[in-house]
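To start, the structure under review is shown below, and the notes come after it.
A short reminder: the numbers here are calculations on the coordinates, not readings from a lab. Since this is a predicted model, take the numbers as computed values, not measurements. Using ideal geometry, Cβ is built from the backbone for each residue, glycine included, and neighbour counts are taken over all protein chains shown.
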């Protein structure tokens, strides 16, 4: 169990806030999400390593797409934040909105519809994505079915000692995740994985501030 203080800002809080990501900010007690307090506790000793990091969901500002960031959102904000924090790592991302895909120094992005297993499979066959990942963050379409679809078609891409994290789980869907994780465990479907549903206390967000953290220990 990692010890962290959700009321204490970290270097990662400042970096994500500067890049206009909603994962956290220096004013952490007023941030919509405070994930960066937890993330810093598990990632701080990895920040200088050469890692492969993937995040689904670039943060579209197309208000006609579900799970958008609003018209003022900055597409790619979290990818820029990961690049600034993990100074020697390669950052990859994907989104269903083709209009916001981009490539920059140490960042490469791809199209993905996380509700379509065939499209997910085709994405992982891209040359840049064939090698497995140290960290996979799922911040795409925030529905249980979409989360499970992407997880079941992507968890094989996670390296040993790696983390796969689903963000923004809404309170009404927490029981669905509990039932699914119980099923996985009873069926021994994913040996070598440890699952942890973590709801981080927040002064401003009591609806979708839960993470599913998956750690591959073997």
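What's the FRET efficiency of residue 189 with residue 132 using the Cβ-Cβ distance as r and R₀ = 25 Å, to the nearest 0.05?
0.85
Cα convex hull of the chain: how many Å³ per residue?
118 Å³
Report the extension gain between residue 171 and residue 49 in nm, rounded to one decimal, defined as 0.36 nm multiplied by the number of residues separating them, less their alpha carbon distance.
40.4 nm
Report the residue, chosen from 113, 134, 48, that carries the largest GNM mean-square fluctuation when the chain is represented by alpha-carbon nodes joined by springs under 10 Å.
48
Take residue 87 and residue 196, extend 7 Å from each Cα along the Cα→Cβ direction, and tell me the distance between the two endpoints in nm.
Distance between label points: 2.7 nm.
Under the definition of Cα pairs under 8 Å and six or more residues apart, what whole-number percent is the relative contact order of segment 50-216?
19 percent
Quick check: Cα centre of segment 1-32 to Cα centre of segment 95-167, how many Å?
What the calculation gives is 24 Å, centre to centre.
In segment 91-198, how does Rg compare with the Kirkwood Rh, expressed as the Rg/Rh ratio over alpha carbon atoms?
Rounded to two decimals, Rg over Rh is 0.96.
Let me have the 222 nm mean residue ellipticity of the chain computed from DSSP H runs of 4+ only, each contributing -39500 (n - 2.57), with the sum over all residues rounded to the nearest 500.
Using -39500 (n - 2.57) per qualifying helix, the result is -7500 deg cm²/dmol.
Scaled to the compact-protein estimate 2.2 N^0.38 Å, what is the alpha-carbon radius of gyration of segment 137-198, rounded to two decimal places?
1.08
So for the pair residue 207, residue 42, with labels modelled 7 Å out along Cα→Cβ, what separation do we get in nm?
Computed distance between label sites residue 207 and residue 42 equals 2.5 nm.
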